[in-house]
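Report on the following structure.
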Amino acid sequence: MLAPQASLPWTFPGDLRERLRMSDLVVSGTIEKTASDGIRTVDGAEVTAHTAHVRVDRVFQGSAAGEKLRFAWFSLHMVTTGGGFAYSGPPLADFRPGKRYLIFLKRARSGWEVAMPVYAIEEKLVATPPRGALRNLSQVLLQQRYEALAEELENAALAQPVPPTGMTGEAAMYFPSVFDLLGGCAEPFYRRFLSSPSPELRGAASTWLDLIRSRHLMCKVPFAQPGQ
C-alpha cells in the first residue's frame, strides 16, 4: 500500500493574484511530454520530481526565450506502508501531455520550476488561445494583462460540460480566479451560467453575482499594481 510522507510545508495561494506575485514567469502552453526525475528534497520535504516540456503560446509575465520551455514540477513522494493511502488538502499538480495550461514558474539554480511544489496552482485551458490573442503581454498595462488572463479562464469554464446532478462541475472551479482578476467586471461572465440546465451551477454563479452586488463593485474600479 502507499501513503504520503509527513505534513507538507506549503500554503496554497489565497487568490490568483498571489500566484502571479510569487512567480517569475507565467505562460500558457501545451505540454509535449513529461518524465520522472527521481526524489528531491524541497523546503525540507521529500517529493518526486518530474520534468515537463511545454510549447509556449503566450507569455503573461516575465521573459521566455523561444517557444519551447522545460520546467520541473513535483508530486507527493509515496512510501510503502501497511496503512493505505490518504490525502486531504488542495488539488495536486498533474501535468498531462497534450493538455494546455496556464503555468506559474520561478527561476531555480537548475532552471525553471513550478512556483509552488506539489499543489496544482496551474489552470487547465482550452486547446488554443483566443483568436487574435496577443502573444507577449509581459509589457502591457496590468489591467490588459488581467483581462487577457480572465479571457483564457472564462473560455476554459465555458467549454466545460454540464455537470452531473448534484454537482457544480469543473466550470465553477474557475469562478474565484475570474473574480480575483476582474472584480465587478466579471458580472457578464457569471450571468452566462444563469441559463445552465444545472441548478447547482446556476446557484454557484448566483453566489458570485450576489457577492458583486453586496460589495457594490463597479466595473471601472482601478486595478492595483502587483504587491498592493
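The values are calculated or read from the model by the stated rules, or taken from the named source; none is laboratory data. Predicted, not measured: the structure shown is a model, and the values here were computed from it. We place every Cβ from the backbone using ideal geometry, glycine too, and count neighbours over all the protein chains shown.
For the stretch 155-193, a residue qualifies if it is charged (D, E, K, R) and more than 19 Å from Gln61 (Cα to Cα), and the qualifying residues are Glu170, Glu187, Arg191, Arg192. In the set (1) in contact (Cβ under 8 Å) with a residue 40 or more places away in the chain; (2) assigned by TED's automatic domain parsing to the domain that holds Arg40, the condition left unmet by Tyr174 is number (2). Confirm whether Val126 is in the same structural domain as Arg19 (by TED's automatic domain parsing), out of contact with any helix residue (DSSP H, G or I) (no Cβ under 6 Å at 6 or more places or on another chain) and either at pLDDT 95 or above or under 18 Å from Leu8 (Cβ atoms) (or both). No: the conditions fail for Val126. Taking the stretch 8-47 as the range and being modelled with pLDDT of 95 or more, polar (S, T, N, Q) and outside any strand (DSSP E or B) as the test, only Ser23 passes.
Among Thr11, Thr41, which is the only one that is closer than 16 Å to Tyr119 by Cα, surrounded by fewer than 17 Cβ atoms within 10 Å (Cβ to Cβ) and under 18 Å from the mean Cα position of the chain (by Cα)? So that I can check it myself, show each step before the final result.
Details: Thr41 fails: under 18 Å from the mean Cα position of the chain (by Cα).
Going through Thr11, Thr41 in turn, the sole match is Thr11.
If only residues of the stretch 167-215 that are surrounded by fewer than 21 Cβ atoms within 10 Å (Cβ to Cβ), of a type in the set (A, V, I, L, M, F, W, C) and not in a helix (DSSP H, G or I) are counted, the one that is modelled with the lowest pLDDT is Met167. Of the residues Arg96, Arg100, the single one that is among the basic types (Lys, Arg), surrounded by 13 or more Cβ atoms within 10 Å (Cβ to Cβ), closer than 30 Å to Phe179 by Cβ and touching a residue at least 60 places away in the same chain (Cβ under 8 Å) is Arg100. What number of residues within the stretch 93-123 satisfy the criterion of being among the acidic types (Asp, Glu) and either part of a strand (DSSP E or B) or not assigned by TED's automatic domain parsing to the domain that holds Ala35 (or both)? Adding up the residues that qualify gives 2.
Here is a yes/no grid of residues against (1) more than 21 Å from Gly89 (Cα to Cα); (2) in contact with an Asp or Glu (Cβ under 7 Å, 6 or more places away or on another chain); (3) not basic (Lys, Arg):
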| position | (1), (2), (3) |
| --- | --- |
| Tyr101 | yes, yes, yes |
| Glu122 | no, no, yes |
| Ala127 | yes, no, yes |
| Arg131 | yes, no, no |
| Glu147 | yes, no, yes |
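Apart from one condition, Thr51 fits all of (1) among the hydroxyl-bearing types (Ser, Thr, Tyr); (2) in contact with a strand residue (DSSP E or B) (Cβ under 8 Å, 6 or more places away or on another chain); (3) at pLDDT 90 or above; (4) not in a strand (DSSP E or B); the exception is (4). Only residues that are within 19 Å of Gly29 (Cβ to Cβ) and among the charged types (D, E, K, R) were counted in the stretch 131-183, giving 6.
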